[in-house]
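Every read-out reported here was derived from the displayed coordinates using simple, explicitly stated rules and does not represent laboratory data. These numbers come from a predicted model, not from an experiment. Please note: Cβ atoms are built from the backbone with ideal geometry, for glycine as well, and neighbour counts cover all protein chains shown.
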Amino acid sequence: MDNYNKNDENASLSMQPFFQFFRIASSAMGLIIIVYGFLWSKGLFELTYQAIKNPEFLQNHIIKWINLLSLESMNNLAQGGEITIAPLIAIILMGLGLIILVKIAMGIILIGAKIVLWTSSDREAVKQILIYAFGKGKMRTKGIKETKE
């Protein structure tokens, strides 16, 4: 980091501690955002697992969505029998909503990770740790210099 007090060597107040505190606070905020996104996505996956494990739990929500969106009118009469497509449409809409919420949760995690990366002091060290943890083949190594071991 640049020394902002080059002209005044006897300055009693240096900006260096302020920048260090800002970096630590920003990294902590990034970690909090990562944890928040993780907990949100975990809750969504638990809700999905509960709905798959216990269909009666999902049935109440399907009925509420059918009533909310007025999908009863979509049940058509075909050759004397009734074809009920309203529950199918409600399940598809709930699935699309879940996909959107999971994408948002993953985006939140990505934002937190970028904040931590931007405020970390040595990006090259972070990249080397990720390469060591996941291996060279599992990660894109664009822009990373190869090191001889």
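Whole-Hz Karplus ³J(HN,Hα) for the stretch 21-32, in order, using 6.51 cos²θ - 1.76 cosθ + 1.60 and θ = phi - 60°, x for Gly and Pro?
Each residue of the stretch 21-32 in turn: 5, 4, 5, 5, 5, 5, 5, 5, 5, x, 5, 5 Hz.
Just order 49-60, 96-107, 34-45 by mean Cβ neighbour count inside 10 Å, highest at the front, would you?
Per-residue mean Cβ counts within 10 Å order the peptides as 34-45, 96-107, 49-60.
Which number gives the lysine pairs in the stretch 23-120 that have C-alpha atoms under 22 Å apart and are eight or more places apart or on different chains? Mind dumping the intermediate values first?
On the way: Lys42/Lys53; Lys42/Lys103; Lys42/Lys114; Lys53/Lys64; Lys103/Lys114.
Lysine pairs, 8 or more places apart or on different chains, close enough: 5.
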